[in-house]
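Beneath this line is the structure, given in structure tokens, with notes to follow.
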Amino acid sequence: MKKIRLILVLVNFLGGCATFVYFNYILPTRPSDPGIPGYYDAVFFALTMVFMSVSFLLLRRRRIAMMAEIIDGKKKIGDLPEDTAAFLQREVLKLPTTVTLISLAMWVVAGFIFAFLEPLVTSHLFSVPAPALLFCLRWFLGISCLGGGVTCLVLFFILDNAWRPNIPQFFPKGQLRKVSHGLRVRLRTRFLMVFMGIVCIPMPIVSIILISNIRQLHMADAVTRSELITSLYWELAYVTADLMTIALVLAYLLAKSIIGPLEQIKATVKAVENNDLTRRVPVESNDELGDVAQGVNAMVDSLSDSRNARDSLGRFMCREIREQILAGRNTDLSGEMKRVTLLFSDLRGFTGLVEKNHPREVVKVLNRYFDEMTLAVRAHKGLILQYVGDEIEAVFGAPVGYEDHPEMAVQAALEMRRRLETLNEDLAKEGLPRLAHGIGIHSGAVLAGNIGSEERMSYALVGDTVNTASRIEGLAKTFGADIILSQTTHSLLTGSYNTQQMAPVRVKGKGEEIIVYKLLS
């Protein structure tokens, strides 16, 4: 807030100096009087400016103090009561305009002081006649409308550019448009304001100068004409330089208020192109540029949510399947017949592990086991369908179809064996019991699709193949093996594996005996 006050005082002081020089030295509108000291006007101007500057510096309302606390980090807008926060947000959006209007009011007061009050004080102090009302009125209009209008126009754009970086602290979530009764200065309005400062104000001034001097030239003699022409040169030179400076300043400030947000939007879009979704555009206004910034942030948030969903999906399946599902290729999840290979895995002696250890320890061990087994399944493009207690159900060849799904399942089972051996070595070092599991693998046709209620659905497989695969996993314990293959899966393998055919066995739900193989290596 100190910066805002400094800008307020400095801009008004410079505007006051330019106005004072113009009306007292370039275009004196009051006749000079030898009874008035030459320094009097300068002293009166200095005293008035000091008074007005002190008035600006004392502008410390309660809301200004609260804004300063938030800007300095002493408070957060979320810590304030809802009604107080809403009120403060409205005032934040209005601040440049409010301060500018207050400044314009001070210029009107200054015009009254210099145009009407000063002549009365001067007449009383130095016993000189007061100037005509027409001269006083010309001074008042020149100071309040010309000097004050141009100065306040420049002040608004300077304050607007200086205040914008503070606005995000009052709107941590953006959404400036949602503030009720918030003042909104559109880009069109800004362009019109600059047009007024560059064209609408200078043209009448130049016209009045020329018309006034032309009329005086017609009624003047040769000597006076020469003096008027010289005065006209200086007056036009001063006005031209002053107005060109104002035009350049206004054009620069307008361009800055537009280019600044556009550069931030460009940088954010570039970051998104580089796969960086952490960057956001500061929403510093409620105009069209603020709307665009809010839209870009919403877009990045949506992309970030999509990435999080993709990453979450990747926790349950391998990257290749995830990308195919997200791309919508070959993934009819409504239900389709597919030939797949199912893998069921179950821990041996899990009940004893639960009885002898604290539940927290059991969960830790179980999670470590699942981590290792899941990595093995995903490494071979498998999909974990579900964890049921200490059991794992995985599928190869769905939802994305692969011709070599039996090979993938067997390779995954072998890696599960290797990972379990490594895990057991670590558990032994920690004094924890070793784990053993049984794996059953079977290939066949299933109906794959989303199954569940309207509120919640899950991807699942239905068919006799699923039941058979589960029964084969149970045979691992019967034959004292860790990996058992069905005859169907064994027949579909193209690689060279060391297997041992087991005696035909009847399983629950099957009328005939089935042949299985123990996978040795």
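The values are calculated or read from the model by the stated rules, or taken from the named source; none is laboratory data. Keep in mind the model is a prediction, meaning the values are calculated, not measured. So basically every Cβ, Gly included, is an ideal-geometry build from the backbone, and we count neighbours across all protein chains shown.
Among the helices (runs of 4 or more DSSP H) confined wholly to region 82-156, which include 3 or more residues that are assigned by TED's automatic domain parsing to the domain that holds ILE7, under 38 Å from the mean Cα position of the chain (by Cα) and among the charged types (D, E, K, R)? Outline the logic, then answer.
Details: elements: 82-112, 118-126, 133-141.
Once the helices (runs of 4 or more DSSP H) in region 82-156 are filtered for at least 3 residues that are assigned by TED's automatic domain parsing to the domain that holds ILE7, under 38 Å from the mean Cα position of the chain (by Cα) and among the charged types (D, E, K, R), what remains is 82-112.
Residues checked against (1) assigned to a helix (DSSP H, G or I); (2) under 17 Å from MET416 (Cα atoms); (3) not assigned by TED's automatic domain parsing to the domain that holds VAL340:
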| residue | (1), (2), (3) |
| --- | --- |
| GLU473 | yes, yes, no |
| ALA476 | yes, yes, no |
| THR489 | yes, no, no |
| THR494 | no, no, no |
| GLN500 | no, no, no |
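For region 491-503, give me the residue count where each residue is in contact with a strand residue (DSSP E or B) (Cβ under 7 Å, 6 or more places away or on another chain) and free of Cβ contacts under 8 Å to residues at least 60 places away in the same chain. It would help to see each step written out before you state the result.
The initial filter retains those residues of region 491-503 that are in contact with a strand residue (DSSP E or B) (Cβ under 7 Å, 6 or more places away or on another chain), namely 492, 497, 499-502.
Of the ones still in play, those that are also free of Cβ contacts under 8 Å to residues at least 60 places away in the same chain are 499-502.
Of the residues in region 491-503, 4 are in contact with a strand residue (DSSP E or B) (Cβ under 7 Å, 6 or more places away or on another chain) and free of Cβ contacts under 8 Å to residues at least 60 places away in the same chain.
May I ask you to say which residue of LEU262, LEU277, LEU210 is surrounded by 12 or more Cβ atoms within 10 Å (Cβ to Cβ), touching a Ser or Thr at 6+ places or on another chain (Cβ under 7 Å) and not small (Gly, Ala, Ser)? Full working, then the answer.
Working: LEU262 fails: touching a Ser or Thr at 6+ places or on another chain (Cβ under 7 Å); LEU210 fails: touching a Ser or Thr at 6+ places or on another chain (Cβ under 7 Å).
Only one candidate qualifies: LEU277.
Only one of (1) in a helix (DSSP H, G or I); (2) over 45 Å from the mean Cα position of the chain (by Cα); (3) farther than 23 Å from VAL516 by Cβ fails for LEU432. Which number is that?
Status for LEU432: all satisfied but (1).
Quick test of your reading of the structure: PHE126 fulfils all but one of (1) surrounded by 12 or more Cβ atoms within 10 Å (Cβ to Cβ); (2) of a type outside the set (A, V, I, L, M); (3) free of Cβ contacts under 8 Å to residues at least 24 places away in the same chain. Name the failing condition by number.
(3) is the only condition that PHE126 fails.
Tally the residues that are without any contact (Cβ under 8 Å) to a residue 24 or more places away in the chain and either of a type in the set (Val, Ile, Thr) or loosely packed, with under 12 Cβ neighbours inside 10 Å (or both), restricting the search to region 452-490.
Counting residues in region 452-490 that are without any contact (Cβ under 8 Å) to a residue 24 or more places away in the chain and either of a type in the set (Val, Ile, Thr) or loosely packed, with under 12 Cβ neighbours inside 10 Å (or both) gives 7.
Any chance region 58-74 includes a residue that's closer than 30 Å to TRP234 by Cβ, at pLDDT 65 or above and either in contact with a Ser or Thr (Cβ under 8 Å, 6 or more places away or on another chain) or not β-branched (Val, Ile, Thr) (or both)?
No.
Looking at (1) over 30 Å from ASP482 (Cα atoms); (2) modelled with pLDDT under 80; (3) in contact with a helix residue (DSSP H, G or I) (Cβ under 8 Å, 6 or more places away or on another chain), which is the only condition ASP287 fails?
It is condition (2) that ASP287 fails.
Go through region 497-514 and count every residue that is surrounded by 14 or more Cβ atoms within 10 Å (Cβ to Cβ) and either in contact with an Asp or Glu (Cβ under 7 Å, 6 or more places away or on another chain) or among the aliphatic types (A, V, I, L, M) (or both). Full working, then the answer.
First, pick out the residues of region 497-514 that are surrounded by 14 or more Cβ atoms within 10 Å (Cβ to Cβ): 497, 499, 502, 505, 507, 514.
Next, only the ones that are either in contact with an Asp or Glu (Cβ under 7 Å, 6 or more places away or on another chain) or among the aliphatic types (A, V, I, L, M) (or both) stay: 502, 505, 507, 514.
Selection size over region 497-514: 4.
Can ARG419 be described as without any contact (Cβ under 8 Å) to a residue 60 or more places away in the chain, part of a loop (DSSP other than H, G, I, E, B) and either in contact with a helix residue (DSSP H, G or I) (Cβ under 8 Å, 6 or more places away or on another chain) or within 30 Å of ALA448 (Cβ to Cβ) (or both)?
Numbers: without any contact (Cβ under 8 Å) to a residue 60 or more places away in the chain: yes; part of a loop (DSSP other than H, G, I, E, B): no; either in contact with a helix residue (DSSP H, G or I) (Cβ under 8 Å, 6 or more places away or on another chain) or within 30 Å of ALA448 (Cβ to Cβ) (or both): yes.
Spelling it out, it is not the case that ARG419 is without any contact (Cβ under 8 Å) to a residue 60 or more places away in the chain, part of a loop (DSSP other than H, G, I, E, B) and either in contact with a helix residue (DSSP H, G or I) (Cβ under 8 Å, 6 or more places away or on another chain) or within 30 Å of ALA448 (Cβ to Cβ) (or both).
Looking only at region 157-196, which residues are in a helix (DSSP H, G or I) and either touching a Pro at 6+ places or on another chain (Cβ under 6 Å) or of a type in the set (Lys, Arg) (or both)? Walk me through how you get there before you give the answer.
Going residue by residue through region 157-196, those that are in a helix (DSSP H, G or I) are 157-169, 176-178, 187-196.
Listed by number, the residues that qualify are LEU159, ASP160, TRP163, ARG164, PRO168, ARG177, LYS178, ARG188, ARG190.
Could you tell me whether any residue of region 428-447 is crowded, with 19+ Cβ neighbours inside 10 Å, in the same structural domain as ARG339 (by TED's automatic domain parsing) and modelled with pLDDT under 85? Walk me through how you get there before you give the answer.
Restricting attention to region 428-447, the residues satisfying the condition of being crowded, with 19+ Cβ neighbours inside 10 Å are 435, 437-443, 446.
With in the same structural domain as ARG339 (by TED's automatic domain parsing) added as a condition, the list becomes 435, 437-443, 446.
Still in the list and also modelled with pLDDT under 85: none.
No, region 428-447 contains no residue that is crowded, with 19+ Cβ neighbours inside 10 Å, in the same structural domain as ARG339 (by TED's automatic domain parsing) and modelled with pLDDT under 85.
Only one residue in ALA398, ALA413, ALA409 is outside any strand (DSSP E or B) and modelled with pLDDT under 90. Which one?
On the way: ALA413 fails: modelled with pLDDT under 90; ALA409 fails: modelled with pLDDT under 90.
That would be ALA398, the only listed residue that is outside any strand (DSSP E or B) and modelled with pLDDT under 90.
Taking region 363-414 on its own, how many of its residues are in contact with an Asp or Glu (Cβ under 6 Å, 6 or more places away or on another chain) and surrounded by fewer than 18 Cβ atoms within 10 Å (Cβ to Cβ)?
Going through region 363-414 one residue at a time, the tally reaches 2.
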